[in-house]
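Below you'll find the structure, written out as structure tokens, and then a few comments.
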Amino acid sequence: MSDSDDHAITPYLDYLRYERRLSPRTCESYQRDLKDYLNWCAQHKTDPWEKVPQAQVRQYMANAHRSGISAKSLQRRLSSLRGLFNYRLREGLCKVNPAEGVRAPKVERKLPVTLDVDQVGQLMAIPCKEPIDYRDKAILELFYSSGLRLSELAALNVVSLQSSDGMLDIMGKGQKSRRVPIGRLAREALDAWIGVRGQIAKAEETALFVSQRGTRLSVRAIEDRLRVRAIQQGMPQHVHPHMLRHSFASHMLESSSDLRAVQELLGHADISTTQIYTHLDYQHLAQVYDKAHPRARKKPD
């Protein structure tokens, strides 16, 4: 890959960062994908920009597939290329998008793992004696109450709780803001944590959740605290932040069947992302049916 090729993708990456406002991690993934394409073009002595035929993109994707790259990564690579050439089309730098019409292998979508309501109750029943007990309980309650992503919870400040209507202002993916409610038990846990937070937080620290050093709790530390608490509470499986988000979405959908509302609460840009929880709901209904319907139950041996 030449320096000129490297510079050619810079405007597109700037567009993703500053106009689309994608997360740094997403931009880094796009950059890696595009550099891989440019390196492949250099190795095969093909021009990555001028009159690129669709067959060249197909060959690049086939080569990546043969090398053992997962279907999900292949889809992202193809999305990166489509986005780049669409950008070049808008800027008048090319006349066609050679990545259009090229398909990547389908990704087998796995259903998310969730906790049932009793398991959630077991996890939340933390005996609180020390400030970090109150902190960890508030973290768990807030994850489940409001369906937050790990990065969203870690970024919260004390002022985030001070809205007059009791809602929580969240800055989500792509710097998109949304407002979510805080459940009663989560509010009680947060109030209890705020009452003892000053015992460990540094005076100038604005973060809602702090470590014992008094500074903002990192995403890695939050993940670790959930793992430790799940073990202490006797949970039968590994518990991570996204499992609580999945559980929130699944339980909300089971109770309300309002897919649009759950989409808004989760901050999903596309409702198709939220629809995976309908499959969980159907799976639950099928299990209930198999156990309850007289014509569905297996005959005893």
- Can you name the condition, by its number, that Ala230 falls short on among (1) under 29 Å from Thr26 (Cα atoms); (2) touching a residue at least 60 places away in the same chain (Cβ under 8 Å); (3) crowded, with 20+ Cβ neighbours inside 10 Å? (1)
- Note on the structure: Across the stretch 52-98, the tally of residues that are in a loop (DSSP other than H, G, I, E, B) and either buried (at least 16 other Cβ atoms within 10 Å of the Cβ) or not hydrophobic (A, V, I, L, M, F, W, C) (or both) stands at 12
- Message: Can you tell me which residue is surrounded by the most Cβ atoms within 10 Å (Cβ to Cβ) among those in the stretch 132-147 that are within 22 Å of the chain's Cα centre (by Cα) and either of a type in the set (Phe, Trp, Tyr) or within 30 Å of Gln54 (Cα to Cα) (or both)?
- Response: Phe143
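Conditions (1) modelled with pLDDT of 90 or more; (2) more than 30 Å from Gln237 (Cβ to Cβ); (3) outside the structural domain of Arg184 (by TED's automatic domain parsing); (4) not small (Gly, Ala, Ser), marked per residue:
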residue: Pro24; (1), (2), (3), (4): no, yes, yes, yes
residue: Arg32; (1), (2), (3), (4): yes, yes, yes, yes
residue: Tyr60; (1), (2), (3), (4): yes, yes, yes, yes
residue: Arg76; (1), (2), (3), (4): yes, no, yes, yes
residue: Arg103; (1), (2), (3), (4): no, yes, yes, yes
- Message: For the stretch 6-25, give me the residue count where each residue is crowded, with 16+ Cβ neighbours inside 10 Å and part of a helix (DSSP H, G or I).
- Response: 6
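For Lys129, are the conditions met, namely being surrounded by 14 or more Cβ atoms within 10 Å (Cβ to Cβ) and assigned by TED's automatic domain parsing to the domain that holds Ile182?
Working: surrounded by 14 or more Cβ atoms within 10 Å (Cβ to Cβ): no; assigned by TED's automatic domain parsing to the domain that holds Ile182: yes.
When the stated conditions are applied, Lys129 does not pass them.
If you check Ile126 against the conditions, is it in a loop (DSSP other than H, G, I, E, B), of a type in the set (A, V, I, L, M) and in contact (Cβ under 8 Å) with a residue 60 or more places away in the chain?
It is true that Ile126 is in a loop (DSSP other than H, G, I, E, B), of a type in the set (A, V, I, L, M) and in contact (Cβ under 8 Å) with a residue 60 or more places away in the chain.
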- Scanning the stretch 65-90 residue by residue, those without any contact (Cβ under 8 Å) to a residue 24 or more places away in the chain, within 15 Å of Tyr37 (Cα to Cα) and aliphatic (A, V, I, L, M) turn out to be Ile69
- Message: Can you confirm whether Pro112 is of a type outside the set (A, V, I, L, M, F, W, C), over 30 Å from Gln54 (Cα atoms), in contact with a helix residue (DSSP H, G or I) (Cβ under 8 Å, 6 or more places away or on another chain) and outside the structural domain of Ile194 (by TED's automatic domain parsing)?
- Response: yes
- Among the candidates Ala203, Ala192, residue that is of a type in the set (A, V, I, L, M, F, W, C) and either touching a Cys at 6+ places or on another chain (Cβ under 8 Å) or part of a helix (DSSP H, G or I) (or both): Ala192
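Assess whether Ser164 counts as being touching a Leu at 6+ places or on another chain (Cβ under 6 Å) and either of a type in the set (S, T, N, Q) or crowded, with 17+ Cβ neighbours inside 10 Å (or both).
no
The values are calculated or read from the model by the stated rules, or taken from the named source; none is laboratory data. Since this is a predicted model, take the numbers as computed values, not measurements. Cβ sites come from the backbone with ideal geometry, for glycine too, and all protein chains shown count toward neighbours.
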